Amino acid sequence: MDRKRDLEDKIAALLKLFPAVAVIGARQCGKSTLARKLLPDWRYYDLENPNDYQLISSDPVAFFSINSGRVIIHEAQQYPELFRVLRGVIDADRNRKGRFLLTGSSSPEIGKGITESLAGRIATVEMWPFKQGELFQRPLSPLYDAIVSNRGMQALTDLSSTVTPEQSARVWLRGGFPEPAIHAAADHAYYKLWMDNYIRDYIARDIRSLFPRLNINNFRRFLLLLAQFSGHQLNMSEMARSLEVSVSTIKDYLDIIHQTFVWRNLPPYEKNSLKKIQKAAKGFFRDQGILHYLLRIADLDALLLHPVAGHSFESFVTEEIIRGLHCTMETGLEFFYYRTVDKSEVDLVVEGFFGLLPIEIKLNSALKQQDLRGLKNFIHDTGAPFGIVVNRAASIQQPAENIVQIPVHYL
């Protein structure tokens with residue numbers, strides 16, 4: 001599983017700029033493997049290992065007096081006091097860069113530690129399961145650098161494919177968690193067992209430990225219900241009635257699953273003053289393999305025939321694009337969806353220092369002009385320079401003057 005990750009160059013660059021870097025993301029997405037591969041000569045401590053936890057927590061000041069740099073601390077959120085101690089260690093030699101690499105898989109604790117104790121001293125990078133090119137050891141598409149460097153639509157027409165259509169479909173169907181993604185092709189039984197254990201462990205370990213007062217049975221039912229809503233605007237009242245809980249409980253559950261990197265809440269883009277905007281919450285499972293496992297979708301044919309196919313493909317593409325953009329050194333990136341009361345829609349709106357980029361996502365390989373209506377309206381209303389359509393076409397095309405079609409296997 002020792003594959004190059006697209007974030008490696010970014011993390012190496014940030015270690016030259018900051019005393020510490022935190023790599024956060026879902027469990028089993030490869031954080032520990034990346035850290036050890038990128039920094040093989042650094043000392044490695046895992047706070048889920050009782051011996052390492054005792055070594056650091058029993059006397060953290062003494063530990064860091066000996067280990068003042070070149071240290072990897074895995075699952076740092078297990079010892080929240082760590083962040084306060086690190087602040088003093090870093091401030092004692094503030095100009096020294098590249099001293100600590102922290103990893104974490106539970107956003108509430110590690111996020112609080114970073115913002116309250118290490119602000120300005122640490123750079124945070126979010127990691128994910130394999131992007132489609134990472135699984136097949138292909139370099140990151142130049143698409144993302146072209147977007148953030150604001151080189152315009154013409155720079156996107158000369159791209160080449162990252163993977164084959166078949167490889168892209170495999171990652172969409174099975175997801176990108178390293179262990180099942182690598183072994184699933186040879187052993188489907190292993191894939192199912194891994195997914196089942198991952199979901200059980202996520203509920204039993206992460207959720208129970210982070211939120212000990214939570215009703216675990218209700219939360220398990222919530223996950224199964226959420227599979228029916230992934231990729232949709234969320235009707236929280238309907239969800240609350242189905243589970244016989246309050247709407248505020250549903251909001252809490254959505255916040256929990258978002259903060260533990262399993263789900264992405266996508267806010268509405270509300271800055272178009274010319275139109276009335278629908279403001280309902282929208283979100284999706286970040287890894288479509290989890291969604292398809294929960295829905296018992298076994299193969300690509302079954303997926304393409306399933307009512308969830310369009311929303312699942314949209315979620316897969318959205319996540320691929322977000323991951324690709326986060327591999328760049330660009331800051332201030334924000335992601336939205338857009339829908340007006342008159343049903344003008346754009347699946348993904350990216351906002352950054354480069355401006356606005358609307359992206360429409362279609363499962364089919366052939367475009368109809370009506371598929372472009374939402375993009376054209378958004379471009380007209382906001383002055384965005386151009387838009388992108390991502391679908392399963394064979395090659396890049398330009399279906400309108402200010403719109404470029406990019407196949408999913410080019411991402």
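Just so it is clear, none of the values below were taken in a lab; they were calculated from the coordinates. Quick caveat, the model's predicted, so the values are computed rather than measured. Because the Cβ atoms are built from the backbone with ideal geometry, glycine has one as well, and the counts that use them run over all protein chains shown.
Nearest 5 percent is fine: what portion of the DSSP beta bridges confined to the chain is antiparallel?
Details: 18 of 44 bridges.
Among the beta bridges of the chain, antiparallel pairing accounts for roughly 40 percent.
Among 402, 150, 123, pick out the residue whose Cα is farthest towards the positive end of the charge dipole of the chain, where Lys and Arg carry +1 and Asp and Glu carry -1 on C-beta, about the Cα centre.
Most positive-ward Cα: 123.
Given an 8 Å cut-off on Cα distances and at least 6 residues of separation, report the relative contact order of the range 8-126 as a percent.
Working: 185 pairs, mean separation 50.7, N = 119.
Relative contact order here is 43 percent.
Determine the dipole magnitude for the range 132-410: charges of +1 sit on the beta-carbon of Lys and Arg, -1 on that of Asp and Glu, nothing else is charged, the reference point is the Cα centre, and the result goes in debye to the nearest 20. The partial results should precede the final answer.
On the way: 29 positive and 30 negative charges, 137 e Å.
The dipole of the range 132-410 has a size of about 660 debye.
Amide H to amide H under 5 Å from residue 128: which residues, 5+ apart in sequence or cross-chain, H placed 1.01 Å off N in plane?
When sequence neighbours closer than 5 places are left aside, there are no close amide H contacts.
I need the phi-derived Karplus couplings for the range 241-252: 6.51 cos²θ - 1.76 cosθ + 1.60, θ = phi - 60°, integer Hz, Gly and Pro marked x.
In residue order, the calculated couplings are 5, 4, 9, 6, 10, 7, 4, 5, 5, 4, 4, 5 Hz.
Over the chain, with a Gaussian network built from C-alpha contacts below 10 Å, which listed residue (172, 128, 42) shows the highest mean-square fluctuation?
42
Towards the positive end of the charge dipole of the range 132-410, with charges on Cβ (+1 Lys, Arg; -1 Asp, Glu), say which of 265, 165, 304 has the farthest Cα.
Toward the positive end, the furthest listed residue is 265.
Under 5 Å between amide hydrogens, which residues at least 5 positions from residue 365 or on another chain qualify, with H placed 1.01 Å from N in the peptide plane?
Here 392 satisfy the definition.
Count charges around residue 310 for me, please; just the other residues with Cβ under 13 Å from its Cβ, Lys/Arg as +1, Asp/Glu as -1. Write out the running numbers ahead of the final one.
Numbers: positive: 362, 392; negative: 314, 345, 347, 360, 371.
Summing Lys/Arg as +1 and Asp/Glu as -1 gives -3.
Who wins for biggest fluctuation among 365, 246, 273 in a Gaussian network model of the chain, springs between alpha carbons below 10 Å?
Answer for the Gaussian network model of the chain: 273.
Sort the range 8-126 into rounded, prolate or oblate with this rule: let a ≥ b ≥ c be the square roots of the eigenvalues of the Cα gyration tensor; rounded if a/c is under 1.5, and if a/c is not under 1.5, prolate when a/b is larger than b/c, oblate otherwise. Write out the running numbers ahead of the final one.
Values: a/c = 1.22, a/b = 1.04, b/c = 1.17.
In terms of gyration-tensor shape, rounded.
Residue 265: net charge of surrounding residues, Cβ under 9 Å, Lys/Arg +1, Asp/Glu -1, itself excluded? Write out the running numbers ahead of the final one.
Numbers: positive: 264, 282; negative: 255.
Here the charged neighbours net out to +1.
I'd like to know which of 215, 369, 198 lies farthest towards the positive end of the charge dipole of the chain, counting +1 on Cβ of Lys and Arg and -1 on Cβ of Asp and Glu.
Of the listed residues, the answer is 215.
Using the Karplus equation 6.51 cos²θ - 1.76 cosθ + 1.60 (θ = phi - 60°), what ³J(HN,Hα) coupling, rounded to whole Hz, does each residue of the range 92-102 give in order, writing x for Gly and Pro?
Rounded to whole hertz, the list is 5, 8, 4, 7, 7, 9, x, 9, 9, 10, 10.
Only four residue types carry charge here, +1 at the Cβ of Lys and Arg and -1 at the Cβ of Asp and Glu. Report the dipole size of the range 8-126 about the Cα centre in Debye, rounded to the nearest 20. Intermediate results must be reported in sequence, preceding the final value.
On the way: 16 positive and 14 negative charges, 89 e Å.
It comes to approximately 420 debye.
Taking H placed 1.01 Å from N in the peptide plane, check which residues at least 5 places from residue 282 or on another chain put their amide H under 5 Å from its amide H.
Answer set, sorted by chain and number: 234, 266.
Defining a contact as two alpha carbons under 8 Å apart and six or more residues distant in sequence, what relative contact order in percent does the chain show? Intermediate values should be presented prior to the final figure.
Values: 676 pairs, mean separation 63.8, N = 411.
Relative contact order of the chain: 16 percent.
With the chain treated as a Gaussian network of Cα nodes joined by springs under 10 Å, which of 284, 354, 177 yields the largest mean-square fluctuation?
Answer for the Gaussian network model of the chain: 354.
Hey, what do the phi angles of the range 205-220 turn into as Karplus ³J(HN,Hα) couplings, whole Hz, using 6.51/-1.76/1.60 and θ = phi - 60°, x for Gly and Pro?
After applying 6.51 cos²θ - 1.76 cosθ + 1.60, I find 9, 5, 5, 5, 6, 6, 10, x, 8, 5, 6, 5, 5, 5, 5, 5 Hz.
Go through (i) 24.7; (ii) 20.5; (iii) 22.6 and flag the label whose value is the computed mean projected area of the Cα convex hull in nm² for this structure.
Correct label, based on the coordinates given: (ii).
Quick check: Cα centre of the range 1-69 to Cα centre of the range 379-411, how many Å?
Each part's Cα centre sits 39 Å from the other's.
Under a straight-distance cross-link criterion of Cα-Cα below 26 Å, which lysines are reachable from residue 282, leaving out those fewer than 8 residues away in the same chain?
Cα-Cα hits under 26 Å: 112, 131, 251, 271, 343, 362, 368, 376.
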